[in-house]
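The values are calculated or read from the model by the stated rules, or taken from the named source; none is laboratory data. Here the structure is a predicted model, which means the values were calculated and not measured. Virtual Cβ from ideal backbone geometry, glycine too; neighbours counted across all protein chains shown. Keep in mind that these areas ignore ligands, DNA and RNA; they rest on the heavy atoms of the full protein, side chains included. Shrake-Rupley method; radii C 1.70, N 1.55, O 1.52, S 1.80 Å.
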Amino acid sequence: MVPAPSLRDAVATQAVRVLNFVSRTTFGGSGTVIGGRVGLALAPHLLEDLSATRTICLVSGTNGKTTTTAMIAAGWGGKVATNETGSNMPAGHVAALAASKSSSVVLEVDEGWLANVLAATNARVVTLLNLSRDQLDRANEVRQTAGRWRNALAGREGITVVANANDPLVVYAAELATDVAWCDVPTPWNTDAASCPRCTLPLHFHEGSWWSECGFSKPLQSVTTLGETLVVRDTVLTLDLRLPGEFNESNAAMALTALSYLGVDLHEALDRVNALSSVAGRFSLRRWRGHTLRLLLAKNPAGFAAMLGTLTDDGADVWVSINARIADGRDPSWLYDVPFEMLRGHRVYCFGDRRLDLATRLDYAAVDYVVVRDESALPTSTVPINVVANYTAFQDWRDRSGPC
Ligand SMILES: [Zn+2]
């Protein structure tokens with residue numbers, strides 16, 4: 001006999017909890033995917049059912065979604081259900097919802113899955129950060145992703161789209177939605193939006209504005225602006241983030257905008273967002289073999305450009321670690337789109353499975369580098385060393401280092 005939907009959901013939800021518990025305690029996993037997969041196999045509508053009566057906020061984009069999701073979770077206050085380990089496909093969403101009964105939910109969503117998750121959840125707010133190329137050997141071309149978002153959001157009622165007005169691909173994705181809150185936040189990377197998504201003619205960028213000959217252009221009315229000060233829906237706020245980097249100020253501006261549409265008091269949210277100091281091990285200080293390291297994650301050209309921009313011009317050594325395993329994308333040719341020229345004046349130590357590819361790229365960029373073959377011979381530093389690593393390389397550094 002096929003169980004009734006509610007019983008089926010209850011069984012599936014319990015299966016998610018048990019399997020994730022076993023995964024965490026027995027196999028040392030993060031316990032967020034296996035249970036979710038089994039739950040969805042038992043009850044294919046589990047994501048719809050578990051999210052039905054809750055207030056849902058979704059966050060998507062190529063870069064910054066884990067941090068922005070963490071900012072929204074922190075800024076909301078109280079208990080918030082969230083996929084904090086970054087498992088950002090439906091199995092991870094089901095796991096997060098099964099693990100917490102909280103009525104407040106913020107979910108990071110993989111760009112390729114956003115249309116499906118929008119269809120499955122009755123989301124109140126969706127935050128769209130940016131779109132740039134990432135793992136093109138297995139992911140969609142960014143224009144296709146923008147088109148799928150656009151189709152999913154066109155004319156959709158009951159949802160506020162918090163969207164970056166400085167990313168033409170995000171504007172293309174959001175412009176047909178019924179309720180859009182445009183955010184005018186600094187977005188230096190526009191290399192992936194060289195041509196107009198409407199007409200394919202070149203886009204023009206000039207002094208914080210952008211436009212195409214066909215009339216497609218930056219939205220004029222933004223509810224949020226970030227310059228010398230941050231203004232969110234007429235409220236002036238002072239950002240004093242513990243997280244580094246200008247890109248995190250843009251992330252915070254968008255997180256606070258989303259929170260405002262979720263009914264959260266902006267001043268209370270601001271204090272909680274300012275206090276956030278580390279997200280899933282990122283930006284945190286770690287110890288390894290007598291060295292103090294600051295771990296920075298960057299997975300693609302735009303992410304690397306943002307992270308390299310946080311390094312001070314002090315000539316200090318920088319460690320860069322590159323792998324090209326399945327989770328990173330097997331093809332490391334994207335290294336040639338990273339502006340490594342920004343590291344001139346620093347000495348770069350090359351780590352990771354693909355350290356020779358990195359060294360070759362740095363050679364073309366005229367950056368001083370050392371390929372690390374003997375880790376015991378590394379010079380020690382009196383100040384924390386910045387370690388910029390892509391996905392699995394970052395995990396390797398987090399695993400091999402200890403807390404400070
Ligand atoms: Zn155009």
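Structure notes:
- Within the stretch 280-301, the set of residues being modelled with pLDDT of 85 or more and closer than 27 Å to R133 by Cα comprises R294, L295, L296, L297, A298, K299, N300, P301.
- Note on the stretch 191-210: among residues that are open to solvent by 50 Å² or more (accessible area, probe 1.4 Å) and in contact with a strand residue (DSSP E or B) (Cβ under 7 Å, 6 or more places away or on another chain), the one that is farthest from the ligand (Cβ to nearest atom) is A194.
- Any hit, the stretch 225-236, residues being closer than 20 Å to V59 by Cα and in contact with a Lys or Arg (Cβ under 8 Å, 6 or more places away or on another chain): no
- The single residue among D337, D368 that is closer than 29 Å to V142 by Cα and either touching a strand residue (DSSP E or B) at 6+ places or on another chain (Cβ under 6 Å) or open to solvent by less than 70 Å² (accessible area, probe 1.4 Å) (or both) turns out to be D337.
- Qualifying positions in the stretch 95-110 - at pLDDT 95 or above and buried (at least 24 other Cβ atoms within 10 Å of the Cβ): V105, V106, L107, E108, V109
- Contact map, the stretch 218-243: residues that are at positive phi paired with residues that are surrounded by 16 or more Cβ atoms within 10 Å (Cβ to Cβ), Cβ distance under 6 Å, separation 6+ or inter-chain. Pairs shown: R233/V223; R233/S260.
- Residue check, T257 in contact (Cβ under 8 Å) with a residue 60 or more places away in the chain, buried (at least 16 other Cβ atoms within 10 Å of the Cβ) and within 30 Å of R198 (Cβ to Cβ): yes
- When residues of the stretch 173-190 are limited to those that are closer than 19 Å to D134 by Cα, open to solvent by 40 Å² or more (accessible area, probe 1.4 Å) and not hydrophobic (A, V, I, L, M, F, W, C), the one farthest from the ligand (Cβ to nearest atom): P188
- Residue within the stretch 317-326 that is under 22 Å from G245 (Cβ atoms), out of contact with any Ser or Thr (no Cβ under 6 Å at 6 or more places or on another chain) and open to solvent by 50 Å² or more (accessible area, probe 1.4 Å) present: yes
- Looking across the stretch 139-172 at every residue that is open to solvent by 40 Å² or more (accessible area, probe 1.4 Å) and within 18 Å of the chain's Cα centre (by Cα), the one that is modelled with the lowest pLDDT is identified as A139.
- Unmet criterion (only one of (1) crowded, with 22+ Cβ neighbours inside 10 Å; (2) in contact with a Lys or Arg (Cβ under 8 Å, 6 or more places away or on another chain); (3) at pLDDT 95 or above; (4) farther than 15 Å from A253 by Cα) for V59: (4)
- Selection status of V170, within 16 Å of the ligand (Cβ to nearest atom), in contact with a strand residue (DSSP E or B) (Cβ under 8 Å, 6 or more places away or on another chain) and in contact (Cβ under 8 Å) with a residue 60 or more places away in the chain: yes
- Only one of W113, W76 that is aromatic (F, W, Y) and more than 23 Å from F283 (Cα to Cα): W113
- Criterion: crowded, with 20+ Cβ neighbours inside 10 Å, more than 23 Å from G402 (Cβ to Cβ) and hydrophobic (A, V, I, L, M, F, W, C) - qualifying residue of A275, A298, A305: A305
- Any hit, the stretch 332-345, residues being touching a residue at least 60 places away in the same chain (Cβ under 8 Å) and under 28 Å from N190 (Cα atoms): yes
- Residue count for the stretch 221-252, restricted to those that are closer than 22 Å to D179 by Cα, open to solvent by 20 Å² or more (accessible area, probe 1.4 Å) and of a type outside the set (S, T, N, Q): 5
- If only residues of the stretch 211-239 that are assigned to a loop (DSSP other than H, G, I, E, B) and within 27 Å of M307 (Cβ to Cβ) are counted, the one that is farthest from the ligand (Cβ to nearest atom) is T238.
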